[in-house]
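The values are calculated or read from the model by the stated rules, or taken from the named source; none is laboratory data. For clarity, every value in this text was computed on a predicted model and none was experimentally measured. Note that each Cβ is placed from the backbone with ideal geometry, even for glycine, and that neighbours are counted across all protein chains shown.
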Amino acid sequence: MSQFIAFLRAINVGGHTVKMDELRRLFGTHGFLNVETFIASGNVVFDTEVENTQILEKNIEKLLQEALGYEVATFIRTAAELHDIAEYRPFRQTDLDAAKALNIAFLTGMPNGSAQQKLMALKTDIDDFHIHNREVYWLCRKKQSESTFSNAILEKTFGMPSTLRGINTINRIVKKYFSS
């Protein structure tokens, strides 16, 4: 039995509202164990015997599509992966200290070289990016409302779905669920 976290994209947008107790119930009725949600933004921690994260992503996407009636892109990470994501430092500490936000975009796969170049072309005085594995680290030096960058732009640039979480959320999840 292994523990995973599902990061769900846009679970509560566009007039849709899914209560976290309903989300836990849905996961529980489909064989996932010890299901917990972390804040109401689509972070679901669970245990399962299935080890293949791609299969888990597809199964959860199908479950949510059938239960909710709309598509919910799903990004699965293991406890070890999430711990590594939280610990990874793609920017200098002085840049991190001066920034207003550090966000992590979760992807379904590694973007190709052309897509990576397109993302790096979007760097500005406000925004900086770093790609590592299936994540994009987005350093925002000013308020995010002052940035022209968004998850929609990232998805268009890469041609694949993504979902963003702030580093503080990631650190809190790791501390609560994945610290030894």
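Listed here are the residues, each with its yes/no results for (1) in the same structural domain as N103 (by TED's automatic domain parsing); (2) surrounded by 17 or more Cβ atoms within 10 Å (Cβ to Cβ); (3) assigned to a loop (DSSP other than H, G, I, E, B).
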residue: A10; (1), (2), (3): no, no, yes
residue: N34; (1), (2), (3): no, no, no
residue: E51; (1), (2), (3): no, no, yes
residue: V72; (1), (2), (3): no, yes, yes
>> Between a residue in the stretch 94-105 that is surrounded by 13 or more Cβ atoms within 10 Å (Cβ to Cβ) and any residue that is of a type in the set (G, A, S), which pairs come within a Cβ distance under 6 Å, given they are 6 or more apart or on different chains?
In response: N103/G166; A105/S162
> If we keep just the residues of the stretch 127-180 that are more than 22 Å from A86 (Cα to Cα) and β-branched (V, I, T), which is surrounded by the most Cβ atoms within 10 Å (Cβ to Cβ)?
Replying inline: T157
>> Give all pairs with beta carbons closer than 9 Å in which a residue from the stretch 8-29 that is among the acidic types (D, E) meets a residue that is surrounded by 13 or more Cβ atoms within 10 Å (Cβ to Cβ); count only pairs at least 6 apart in sequence or on separate chains.
In response: D21/T37; E22/A67
> Does T124 count as among the hydroxyl-bearing types (S, T, Y) and crowded, with 17+ Cβ neighbours inside 10 Å?
Replying inline: no
>> Tell me the residue from Y88, Y70 that is out of contact with any helix residue (DSSP H, G or I) (no Cβ under 6 Å at 6 or more places or on another chain) and at pLDDT 95 or above, please.
In response: Y88
>> Step by step: first the residues of the stretch 33-51, then only those that are within 16 Å of the chain's Cα centre (by Cα) and among the hydroxyl-bearing types (S, T, Y), then the one that is nearest to K176 (Cα to Cα). Which residue is that?
In response: T37
>> Give all pairs with beta carbons closer than 7 Å in which a residue from the stretch 151-180 that is over 12 Å from F106 (Cβ atoms) meets a residue that is surrounded by 11 or more Cβ atoms within 10 Å (Cβ to Cβ) and among the basic types (K, R); count only pairs at least 6 apart in sequence or on separate chains.
In response: T157/K118
> If only one of E61, E71 is without any contact (Cβ under 8 Å) to a residue 40 or more places away in the chain, under 15 Å from the mean Cα position of the chain (by Cα) and under 13 Å from L8 (Cα atoms), which one is it?
Replying inline: E61
